[in-house]
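Take a look at the structure below.
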Amino acid sequence: MYFHTLSKQECCACSACVHSCPKACIKMKPDEEGFLYPEIDNTVCIDCGLCERVCPVEHPDYGNSVRPVTYAAMLKDVEQRKRSSSGGLFHAIACWILQQGGKVYGATLDEDLHVKHIGVDSLEALQLLRGSKYVQSDLQDVFLNVREDVKAGRWCYFVGTPCQVAGLKSYLRKDYDKLLTSDLICHGVPSQWLFDQHIDYLEKKYRGKVSDYQFRNNEMWGGCEIFNLTNPNGKIKQYMFPSYNLSPYLYSFMYAMTYRYSCYDCKFARIPRQGDITLAD
């Protein structure tokens, strides 16, 4: 287990250990490449072992279907589909959850271009969760919020990478009828620090402030990099690169050069899947 070996291949940064600790003595800290890893304050730790018992890498659960049913689907609403990265199935499921008075948890790219998980409970806020983000998201306190919601009998829909879904289920330690999860066919995850370096590179190269960044656009299948740049005079120009090969960040992502160590030996890139529904294109 990571706490004993400190092997970076044994930690996926799901944060189940952090939120399970009864003494709150575990914190996620970035390493030199910006990837988050748990650190224990041994002056507070009581050696209860709960962090080890909830670790999905140490104790993976493969109890899902070994023969999943596969569907091809897309939204009939063309305008809504255009706002999605692919066919818009996430949006359709999320709308149903919201109609039940539920809450949807997923990754957003905020105004500071940081990728983090948040919860939303309105159609307006749901727009924040749409689109692909090729950065490992900061889960923050989302596991705590999901547990509070499902224990209160509220519908919840959690979407994340397979290791994040596995971490949530390990943290909860029981099934909830009103919890729906979706994992993704995951390429692997670069760190927020690396993405920050890429934004800094773009701002220096094109001499301005980057905003409204998109990792892909479904009108240009195969992916692209799109962003707005505000120059020192306040003029805004949109830049669009129609191929991953034209972006050093996306090129290194596509060719598996920049993932966290656990991604290269992923325990969850397999069938059975971790989510109730697996989304892919």
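The values are calculated or read from the model by the stated rules, or taken from the named source; none is laboratory data. Computed from a predicted structure; not experimentally measured. Neighbour counts run over all protein chains shown; Cβ positions are idealised from the backbone, glycine included.
Restrict the check to the range 132-140 and report whether at least one residue is among the hydrophobic types (A, V, I, L, M, F, W, C), modelled with pLDDT of 95 or more and within 23 Å of Val189 (Cα to Cα).
Yes, some residue in the range 132-140 is among the hydrophobic types (A, V, I, L, M, F, W, C), modelled with pLDDT of 95 or more and within 23 Å of Val189 (Cα to Cα).
So for the range 171-178 (the condition being touching a Gly at 6+ places or on another chain (Cβ under 7 Å), assigned by TED's automatic domain parsing to the domain that holds Ala92 and in contact (Cβ under 8 Å) with a residue 60 or more places away in the chain), does at least one residue qualify?
Checked against the condition, which is being touching a Gly at 6+ places or on another chain (Cβ under 7 Å), assigned by TED's automatic domain parsing to the domain that holds Ala92 and in contact (Cβ under 8 Å) with a residue 60 or more places away in the chain, the range 171-178 yields at least one hit.
Only residues that are without any contact (Cβ under 8 Å) to a residue 40 or more places away in the chain and in contact with a Pro (Cβ under 9 Å, 6 or more places away or on another chain): list them for the range 188-208, please.
Within the range 188-208, Arg207, Gly208 qualify.
Listed here are the residues, each with its yes/no results for (1) surrounded by 12 or more Cβ atoms within 10 Å (Cβ to Cβ); (2) at pLDDT below 95; (3) farther than 18 Å from Leu113 by Cα; (4) among the hydroxyl-bearing types (Ser, Thr, Tyr).
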residue	(1), (2), (3), (4)
Leu202	yes, no, no, no
Asn228	yes, no, no, no
Lys235	no, no, yes, no
Ser247	yes, yes, no, yes
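Exactly one condition in (1) buried (at least 19 other Cβ atoms within 10 Å of the Cβ); (2) in contact with a helix residue (DSSP H, G or I) (Cβ under 7 Å, 6 or more places away or on another chain); (3) assigned to a loop (DSSP other than H, G, I, E, B) is not met by Ala13; state its number.
(2)
Look through His117, His19 and report the one residue that is under 26 Å from Thr278 (Cβ atoms) and in a helix (DSSP H, G or I).
None of the other options fit; the residue is His19.
I'd like to verify a number: residues in the range 36-49 that are of a type outside the set (S, T, N, Q) and assigned to a loop (DSSP other than H, G, I, E, B), how many?
7
Is the range 118-129 home to any residue that is under 19 Å from Val18 (Cβ atoms) and hydrophobic (A, V, I, L, M, F, W, C)?
Within the range 118-129, one or more residues are under 19 Å from Val18 (Cβ atoms) and hydrophobic (A, V, I, L, M, F, W, C).
Would you check if there is a residue in the range 96-109 being closer than 27 Å to His198 by Cβ and assigned to a loop (DSSP other than H, G, I, E, B)?
No - not one qualifying residue is present in the range 96-109.
Please give the number of the condition Tyr239 fails out of (1) of a type outside the set (A, V, I, L, M); (2) outside the structural domain of Gln197 (by TED's automatic domain parsing); (3) surrounded by 13 or more Cβ atoms within 10 Å (Cβ to Cβ).
All conditions pass for Tyr239, except number (2).
What's the total number of residues in the range 41-65 that are among the β-branched types (Val, Ile, Thr) and either within 18 Å of Cys12 (Cβ to Cβ) or surrounded by 13 or more Cβ atoms within 10 Å (Cβ to Cβ) (or both)?
Qualifying residue count for the region: 2.
Just checking, does the range 27-35 include any residue being aromatic (Phe, Trp, Tyr) and either assigned to a strand (DSSP E or B) or within 22 Å of the chain's Cα centre (by Cα) (or both)?
Yes, there is a match, as at least one residue in the range 27-35 is aromatic (Phe, Trp, Tyr) and either assigned to a strand (DSSP E or B) or within 22 Å of the chain's Cα centre (by Cα) (or both).
Among the residues of the range 66-75, is there at least one that is among the β-branched types (Val, Ile, Thr), assigned by TED's automatic domain parsing to the domain that holds Thr161 and in contact (Cβ under 8 Å) with a residue 12 or more places away in the chain?
no
Check Ala152, Ala92, Ala107, Ala166 and return the single one that is within 27 Å of Tyr213 (Cα to Cα), of a type in the set (Gly, Ala, Ser) and out of contact with any His (no Cβ under 7 Å at 6 or more places or on another chain).
Unique residue meeting the criteria: Ala92.
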